[in-house]
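Taking it in order: structure first as structure tokens, then the write-up.
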Amino acid sequence: MSTDAIVLLKDEHQLIRKAFTDFEEAGDKAYAAKGAAVDRIIELLTVHTYLENEVMYPRVRELLPEVEDDVLESYEEHHVADVLVVELAAMKPDSERFVAKTTVLIENVRHHMDEEEQEWFPKVREGLGRTVLQEIGAEMIEARKTAPKRPSQPSALKKTIDAIIS
């Protein structure tokens, strides 16, 4: 298994894309299958964004200041995904907006992953090199051990979400 941070993130992207496909291929009234797919998506995205936000992005930002704007944009894209994930985690699969909300999440995250893979990762690989990316990857592997698998819901946010989905 590689410890290269970019390889690890691309592997996670593949798992996330597979979970998206599982959701999209479930039938219209396949609430259990859609719910299971969204549970998997929530877990994968919660861990993935944690690793990027807590390990990858801060290290890259520190070592490659020229990609600062890309990192800040990625943080904001994660924020949007996090809000949708928190809302989905509080919804039932047969809720009126469950499929629409999941579809918006999938579209946003696919765009984010494509942008990372096509534009950001090549800049980072060139700027940091293999040894540093392996060090960051090792940090990510260690951080995974304590990474949350479900979003946390501060009480004020939970009340807002409850009002939205009711």
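The values are calculated or read from the model by the stated rules, or taken from the named source; none is laboratory data. Note that the structure is a prediction, hence the values are computed from the model and not measured. For neighbour counting, all protein chains shown are included, and Cβ atoms are generated from backbone atoms with ideal geometry for every residue, glycine included.
Structure summary
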item	result
Inter-residue pairs, beta-carbon under 6 Å, first touching a residue at least 12 places away in the same chain (Cβ under 8 Å) and in the range 38-52, second hydroxyl-bearing (Ser, Thr, Tyr), 6+ apart	38/102
Residue, surrounded by the most Cβ atoms within 10 Å (Cβ to Cβ), within the range 35-64, restricted to residues that are out of contact with any helix residue (DSSP H, G or I) (no Cβ under 8 Å at 6 or more places or on another chain) and either under 22 Å from residue 7 (Cα atoms) or among the hydroxyl-bearing types (Ser, Thr, Tyr) (or both)	43
Hits in the range 98-149 (condition: surrounded by fewer than 14 Cβ atoms within 10 Å (Cβ to Cβ) and of a type in the set (D, E, K, R))	107, 114, 119, 126, 130, 142, 145, 149
Index of the failed condition, residue 157 passing every other in (1) over 30 Å from residue 25 (Cβ atoms); (2) surrounded by 12 or more Cβ atoms within 10 Å (Cβ to Cβ); (3) at pLDDT 95 or above	(3)
Residue, farthest from the chain's Cα centre (by Cα), within the range 14-34, restricted to residues that are surrounded by 19 or more Cβ atoms within 10 Å (Cβ to Cβ) and not aliphatic (A, V, I, L, M)	34
Residue check for residue 95: of a type in the set (Gly, Ala, Ser) and more than 21 Å from residue 137 (Cα to Cα)	yes
Per-region count, the range 74-97, residues surrounded by fewer than 20 Cβ atoms within 10 Å (Cβ to Cβ), part of a helix (DSSP H, G or I) and not aliphatic (A, V, I, L, M)	5
Given (1) touching a residue at least 60 places away in the same chain (Cβ under 8 Å); (2) assigned to a helix (DSSP H, G or I), index of the condition residue 14 fails	(1)
Test: residue in the range 46-66 that is closer than 21 Å to residue 145 by Cβ and either outside any helix (DSSP H, G or I) or among the acidic types (Asp, Glu) (or both)	yes
Cβ pairs under 6 Å, 6+ apart, first in the range 57-74 and more than 21 Å from residue 143 (Cα to Cα) and in contact (Cβ under 8 Å) with a residue 40 or more places away in the chain, second loosely packed, with under 14 Cβ neighbours inside 10 Å and hydrophobic (A, V, I, L, M, F, W, C)	none
